[in-house]
Amino acid sequence: MIGAAAISSELDARPTPEELVARARAMLPALRERAARCEVDHKVPDETMAELKAGGLFKVVQPARYGGYEMNPNVLFDIQMTLAEACMSTAWVYGLLAVHQFQLGLFDPRCQEEVWSRDPDALISSTYQPVGKVTRVEGGFRLSGHWGFSSGSQHCDWIFLGSAAPPREPGGQPEMMTFLLPRPDYKVIEGTWDVFGLQGTGSLDIVVEDAFIPEYRTHTLVEGFEIVHQEGLKLNTGPLFRMPWGQQFSRSVSSACIGALQGALDAYLEIAKARVSTNTGKATKSDPQAQAYAARVQSEIIEMKASLHRNFDEMMAWLETGQEIPTTDRLRYRYEASTVSRRCSSLVDGLLPLLGGRAIYNSSPVLRYWRDILASRAHVANNPDP
């Protein structure tokens, strides 16, 4: 464990938000070059993961006590949106694994020590589907089950698994919980990710066969919502760790869409510079309809980013003054996050007709963005209706 003096020194030496975003932007040429391989291999390339780690990009919301930066989550999402301009699969995996560093900071101090004392750069994947079989036993739980959708799991030595535990008392309600397991206690099932978009996320199936999880390696849904009962607050006392967990998680599966939409718009504009319709003989760059739609897309990207930044700045302002975030505001933040994927899906869809028949060829640079953004709508957190 890192002492107080070391924490102060680490904070003084940490990179600025601007430096972190610049490191992400410097990766974009390599990410574009690797995007096809990422998609075909159903896995973010190992060298990309190494570069993300080397740049300190996973440390944005990690506790300072364990070498993290404890920054405003806006920094994490700015990095994620930047990466998505080149490869949304990479950005999706980055966002989830980075935000898990925050969630671990909410767990019992023994749990944090167990993970980060072994490896301060340890990464945790997840799948919160409540599909496991849970039995309460002395000192903890026994867990078995088969989960889907664990993005980036090939790169991680730990996993968060969601399940409903039996009531603590007869007649009580089941308790929604997150369980933390080390790699020896679960299996990552290769070949289970055959999808039309976000192929590179490698969101594979996970199997657990009667694993024991000690009580301290758990976190309840109620703790994530109410904040005050979280064991991690005994260790991580900064205002960041009083932020509701769901606020960050919901943005980790929607914000990549904004960056991918920017990438799609940039690719569209590059094509439009030289495209001349074979039917009308008109240049796309001179088409008022094409110009107006590009302006609309760019305007909505700016608006969605502004909304994201405003919401987290407001939350941090509440927390830094020792106040709770009003529930009505939390509902609004959560709702706005849930609409992003659908908005981006509609906007990227509107770009394709403006590029004519060539837009449907697999060689079109816009298509990968289109597929990935549409695929993101399948995530439960990206459905605003509930």
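The values are calculated or read from the model by the stated rules, or taken from the named source; none is laboratory data. Being a predicted model, the structure only gives us computed values, none of them experimental. Here Cβ is always computed from backbone atoms with ideal geometry, including for glycine, and neighbour counts include all displayed protein chains. To get the accessible areas, we keep the full protein, side chains included, count just its heavy atoms, and leave off ligands, DNA and RNA. Shrake-Rupley method; radii C 1.70, N 1.55, O 1.52, S 1.80 Å.
Taking Lys and Arg as +1 and Asp and Glu as -1, the other residues whose beta-carbon sits under 13 Å from that of residue 242 total -3.
Which whole-number percent of Cα pairs in the chain have a distance greater than 39 Å?
17 percent
A viscosity of 1.567 mPa s and a temperature of 4 °C, combined with the Kirkwood radius over Cα pairs in Stokes-Einstein, give a translational diffusion coefficient for the stretch 184-223 of 101 µm²/s. Across the stretch 81-95, computed HN-Hα scalar couplings (Karplus, 6.51 cos²θ - 1.76 cosθ + 1.60, θ = phi - 60°) run 5, 5, 4, 5, 4, 9, 8, 5, 4, 4, 5, 4, 5, 4, x Hz from first to last residue, x flagging Gly and Pro. Annotation: aspartates and glutamates with alpha-carbon distance below 12 angstrom to residue 285 (same-chain offsets under eight excluded): 270.
Summing charges over neighbours of residue 367, with a neighbour being any other residue whose Cβ is under 12 Å away from its Cβ, gives 0 when K and R count +1 and D and E count -1.
Relative to the longest principal axis of the Cα atoms of the chain, the long axis of helix 327-351 lies at roughly 30 degrees.
Look at the dipole of the stretch 96-180 built from charges on Cβ: of 117, 179, 102, the Cα furthest out on the positive end belongs to 179.
May I ask you to list the lysines whose Cα is less than 21 Å away from that of residue 187, ignoring any residue fewer than eight positions away on the same chain? Qualifying lysines at Cα under 21 Å: 43, 133. Other residues whose C-beta falls under 11 angstrom from the C-beta of residue 381 contribute a net charge of +3, scoring Lys and Arg +1 and Asp and Glu -1.
Of the GluC sites (Glu not before Pro) found in the stretch 124-224, those that fall in a DSSP loop while having at most 10 other beta-carbon atoms within 10 Å are 138.
Remark on the stretch 328-379: ratio of C-alpha radius of gyration to 2.2 N^0.38 Å is 1.43. For the Cα trace of the stretch 158-216, dividing Rg by the Kirkwood Rh returns an Rg/Rh value of 1.09.
Per atom type, the stretch 221-357 shows carbon and sulfur on 57% of its accessible surface, probed at 1.4 Å.
Just the number, please: carbon plus sulfur as a percent of the accessible area of the stretch 20-118, 1.4 Å probe, no ligands or DNA/RNA counted. With neighbouring chains kept in place, the figure for the stretch 20-118 is 51 percent.
Computed on the Cα trace of the stretch 205-325, the radius of gyration divided by the Kirkwood hydrodynamic radius gives Rg/Rh = 1.23. Karplus-derived 3J(HN,Hα) values for the stretch 170-183, using 6.51 cos²θ - 1.76 cosθ + 1.60 with θ = phi - 60°, are x, x, x, 8, x, 10, 6, 9, 10, 10, 9, 10, x, 4 Hz; glycine and proline are entered as x.
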